[in-house]
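Undergrad: One structure is given below, represented as C-alpha cells, and several questions about it will come after.
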Amino acid sequence: MDGSMSLVVFLLFSMTGTTWCQVSCLNGEGKSVDWFIVYKLPKGKDYLYLDKSTQSWQNAQVDVDSNSSPVYQTVNQLYDGNATEAGDVAFVLYNDEPPNSPHYDSICGHTKGVVMLDGTGGFWLVHSTPHFPPSVPGPFAWPHTALRYGQSFLCVSYGFDQFGDIALQLRYNEPDHYSCQVGAQLKDKLPDLQALCAKTKLQVESATRVVELTSSAGKTFRSFAKTHRFDDDLYVHLVAPNLKSSLYLESWVHGVGVFDSNCSGEFCVCRVSSISLPSVAPFSSEEDHSKWCVSQTGGSPGGAWACVGDINRNRGEEYRGGGTVCTDDPAIWAAFAKATTSVEPCPAGPRDKNNNRGSCDCAVPACRGGYVGLPGL
C-alpha cells in the first residue's frame, strides 16, 4: 500500500470513529495486558498491583484514581464517546450499590463489575467497590465512600468468543446494571447480553453454573456463578468442592448473619482475620471490603487456586446471586497466601441449618487454631 492509499484508509477510519485500540485490560501506562489484580488498601487510595510481568505484588506510586492507574486506564475506555457510540461495542456496568444513589439493592445479586467489548474482544472487571464506576458517559471518578476499606479488582482480557459464556454467567449472577448497551452489529451475536440489558428473567433449572474461560493469551480462569435460588453458601457448597480444596477466604465481616469458619464438610472454608501485604502495615479483615480466597495447599500448578469475586459469606447473601473467578496460578496463589497471616478458628458445636458452625475436626490445622502456616511458601 503506497503512502496516499494509507492516508485515505486512515482518514476513513477517523471519520467512522473506529481508531481506538482493541478493548482490553490496560496497565497504568495504557498498554494492553492479559490480566491484572489490584488490591486497594484501607484508609485511602494506595494500592498494590499484580500481573503476569510482575509475578508478585508491586506498590503503586500513584493513587487508584490517578490517570496512571490500571483501574483508571481500563475503565476510562467506557467514556470514549466514539467507542461507546459505535455499532460494534457492548458494555454493562453493574453494582448492587449503584453510583450516585443511596439505594442498596438487597434483591438483585450481590455483584459488582464491568464488561466492555468490541467485535474482536474486551475485558471483564470483577470488583468489590460500591458506587463504582460512574455510569456512561462518565467521566471517571472514585467514590468518596470507597476510601475507608480495602477493595479488590480482577481484570481479564478475553477474545470475542468468550463473551457468550460471560454474559450467561452475569445472568446467573442477577446483577443490578445501571449502564447497559449492545451495539447493533453485536445484538444477534450476544443474545444473553442483550437479554441482560433488557432485564429478561433467566429461565433455567440449575441454580449454579461453573464455566472455564480462556483469556486472550490462553490463560484459563474458572467462573462460578449462582442465582438467588441456590440459597446456600457459594464457597462452602460450590467453590471448595469444585476445586477439591479447603479455602482461606477474605470477605466482609460487618453486618448481620456473618458466617463463622466452616469445618463441617470434607473441605473447610476458613475466614481470614488479618492480612499482611508487602511494605504495608498489617490490617484486620474488619478494615477490608475485598472478596478473595486461596486454596489451603498450593505452590505448584494443579492446586494453586486463587479467586477474586463479589459475594460474601453471610445468611442474607445465600438468597442472592453472585460469584467469583478463580485461576490455578502459583504466583497469584502465593501473593494472596502470603497475605493471609491468621484465620478464625472453626467454632465448636454441631452444624446448624445455616451451615455456619463446624465440629473442629477439620484436617486444616489453621482452622482449628487460627494460625496459618501455608505449605509451599
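The values are calculated or read from the model by the stated rules, or taken from the named source; none is laboratory data. Everything numeric in this text was worked out from a predicted model, so none of it was measured. FYI the Cβ positions are ideal-geometry reconstructions off the backbone, even for glycines, and counts take in every protein chain you see.
Undergrad: Condition first: within 25 Å of Asp51 (Cα to Cα) and of a type in the set (Ser, Thr, Tyr). Can you find one or more residues in segment 140-152 that meet it?
TA: yes
Undergrad: Sticking with this one: Consider only pairs whose beta carbons are under 9 Å apart and that are at least six residues apart or on different chains; among these, list those whose first residue lies in segment 56-83 and is among the aromatic types (Phe, Trp, Tyr) and whose second residue is in a helix (DSSP H, G or I).
TA: Trp57/Ala335; Trp57/Lys338; Trp57/Ala339
Undergrad: Assuming Asn67 fulfils every condition listed in (1) within 17 Å of the chain's Cα centre (by Cα); (2) of a type outside the set (Ser, Thr, Tyr); (3) closer than 27 Å to Ser279 by Cβ apart from one, which condition is it?
TA: All conditions are met except number (1).
Undergrad: Within segment 92-115, is even one residue at pLDDT below 95, farther than 19 Å from Arg320 by Cβ, of a type in the set (D, E, K, R) and surrounded by fewer than 24 Cβ atoms within 10 Å (Cβ to Cβ)?
TA: Among the residues of segment 92-115, not one is at pLDDT below 95, farther than 19 Å from Arg320 by Cβ, of a type in the set (D, E, K, R) and surrounded by fewer than 24 Cβ atoms within 10 Å (Cβ to Cβ), which makes the answer no.
Undergrad: On to the next question. Would you say Ala306 is out of contact with any Lys or Arg (no Cβ under 7 Å at 6 or more places or on another chain) and either assigned to a loop (DSSP other than H, G, I, E, B) or touching a residue at least 60 places away in the same chain (Cβ under 8 Å) (or both)? Write out each step before concluding.
TA: Numbers: out of contact with any Lys or Arg (no Cβ under 7 Å at 6 or more places or on another chain): yes; either assigned to a loop (DSSP other than H, G, I, E, B) or touching a residue at least 60 places away in the same chain (Cβ under 8 Å) (or both): no.
Spelling it out, it is not the case that Ala306 is out of contact with any Lys or Arg (no Cβ under 7 Å at 6 or more places or on another chain) and either assigned to a loop (DSSP other than H, G, I, E, B) or touching a residue at least 60 places away in the same chain (Cβ under 8 Å) (or both).
Undergrad: Filter segment 282-330 for residues that are farther than 18 Å from Leu125 by Cβ, touching a strand residue (DSSP E or B) at 6+ places or on another chain (Cβ under 6 Å), surrounded by 24 or more Cβ atoms within 10 Å (Cβ to Cβ) and charged (D, E, K, R) and give the result.
TA: Passing the criteria: only Asp288.
Undergrad: If I filter segment 277-298 for residues that are under 26 Å from Thr54 (Cα atoms), touching a helix residue (DSSP H, G or I) at 6+ places or on another chain (Cβ under 7 Å) and among the hydroxyl-bearing types (Ser, Thr, Tyr), do I get at least one hit?
TA: yes
Undergrad: Being over 23 Å from Ser284 (Cβ atoms) and either over 17 Å from the mean Cα position of the chain (by Cα) or surrounded by 24 or more Cβ atoms within 10 Å (Cβ to Cβ) (or both) is the filter here, so list the residues in segment 217-233 that pass it. Before the answer, list the steps.
TA: Our first condition is that a residue be over 23 Å from Ser284 (Cβ atoms); within segment 217-233, this holds for 217-232.
Passing the criteria: Ala217, Gly218, Ser223, Phe224, Ala225, Lys226, His228, Arg229, Phe230, Asp231, Asp232.
Undergrad: If Ser206 meets every condition in (1) surrounded by 17 or more Cβ atoms within 10 Å (Cβ to Cβ); (2) among the hydroxyl-bearing types (Ser, Thr, Tyr); (3) assigned to a loop (DSSP other than H, G, I, E, B) apart from one, which number is that one?
TA: (1)
Undergrad: Of the residues that sit in segment 218-271 and are of a type in the set (Ser, Thr, Tyr) and outside any strand (DSSP E or B), which one is nearest to Ala339 (Cα to Cα)? Steps first, please.
TA: First, pick out the residues of segment 218-271 that are of a type in the set (Ser, Thr, Tyr): 220, 223, 227, 235, 245-246, 248, 251, 261, 264.
Still in the list and also outside any strand (DSSP E or B): 227, 235, 245-246, 251, 261, 264.
Values: Thr227: 30, Tyr235: 19, Ser245: 19, Ser246: 17, Ser251: 14, Ser261: 18, Ser264: 25 Å.
The qualifying residue nearest to Ala339 (Cα to Cα) is Ser251.
Undergrad: So which pairs qualify, if the first residue must be in segment 165-185 and without any contact (Cβ under 8 Å) to a residue 60 or more places away in the chain, the second must be surrounded by fewer than 21 Cβ atoms within 10 Å (Cβ to Cβ) and assigned to a helix (DSSP H, G or I), the Cβ gap must be under 7 Å, and the two must be at least 6 apart or on different chains?
TA: Once the first residue is without any contact (Cβ under 8 Å) to a residue 60 or more places away in the chain and sits in segment 165-185, its partners that are surrounded by fewer than 21 Cβ atoms within 10 Å (Cβ to Cβ) and assigned to a helix (DSSP H, G or I) give Ala167/Asp192; Leu168/Asp192; Arg171/Asp192; Arg171/Ala195.
Undergrad: If Val62 passes every condition in (1) surrounded by fewer than 17 Cβ atoms within 10 Å (Cβ to Cβ); (2) over 27 Å from Ser276 (Cβ atoms); (3) among the hydrophobic types (A, V, I, L, M, F, W, C); (4) modelled with pLDDT of 95 or more but one, which one does it miss?
TA: For Val62, the exception is condition (2).
Undergrad: Now, a different point. Among the residues of segment 248-287, count how many are touching a Lys or Arg at 6+ places or on another chain (Cβ under 8 Å), without any contact (Cβ under 8 Å) to a residue 40 or more places away in the chain and of a type in the set (Asp, Glu).
TA: Going through segment 248-287 one residue at a time, the tally reaches 0.
Undergrad: Report the residue count in segment 50-74 for those that are within 14 Å of Leu125 (Cβ to Cβ) and either outside any loop (DSSP other than H, G, I, E, B) or charged (D, E, K, R) (or both). Break it down into steps so the answer makes sense when it comes.
TA: Here is the first cut: in segment 50-74, the residues within 14 Å of Leu125 (Cβ to Cβ) are 51, 64, 69-74.
Remaining after also requiring either outside any loop (DSSP other than H, G, I, E, B) or charged (D, E, K, R) (or both): 51, 70-74.
Number of matching residues: 6.
Undergrad: Moving on to the next point. Where residues in segment 256-269 are among the aliphatic types (A, V, I, L, M) and farther than 13 Å from Val294 by Cβ, which of them is surrounded by the most Cβ atoms within 10 Å (Cβ to Cβ)?
TA: So the first thing to find is which residues in segment 256-269 are among the aliphatic types (A, V, I, L, M), and the list is 256, 258, 269.
Now narrow it down to the ones that are farther than 13 Å from Val294 by Cβ: 256, 258.
Values: Val256: 7, Val258: 17.
Once the filter is applied, the top-ranked residue is Val258.
Undergrad: Continuing with the same structure: Inspect segment 241-255 for any residue being touching a helix residue (DSSP H, G or I) at 6+ places or on another chain (Cβ under 9 Å), of a type outside the set (S, T, N, Q), within 22 Å of Thr111 (Cβ to Cβ) and surrounded by fewer than 17 Cβ atoms within 10 Å (Cβ to Cβ) and give the result as yes or no.
TA: The answer is yes; a qualifying residue exists.
Undergrad: Can you name the residue in segment 171-197 that is among the acidic types (Asp, Glu) and over 19 Å from Val210 (Cα atoms) and, of all such residues, is surrounded by the fewest Cβ atoms within 10 Å (Cβ to Cβ)?
TA: The first filter runs over segment 171-197 and keeps only residues among the acidic types (Asp, Glu), leaving 174, 176, 188, 192.
Filter again for over 19 Å from Val210 (Cα atoms), leaving 176, 188.
Values: Asp176: 21, Asp188: 9.
Looking at residues that are among the acidic types (Asp, Glu) and over 19 Å from Val210 (Cα atoms), I get Asp188.
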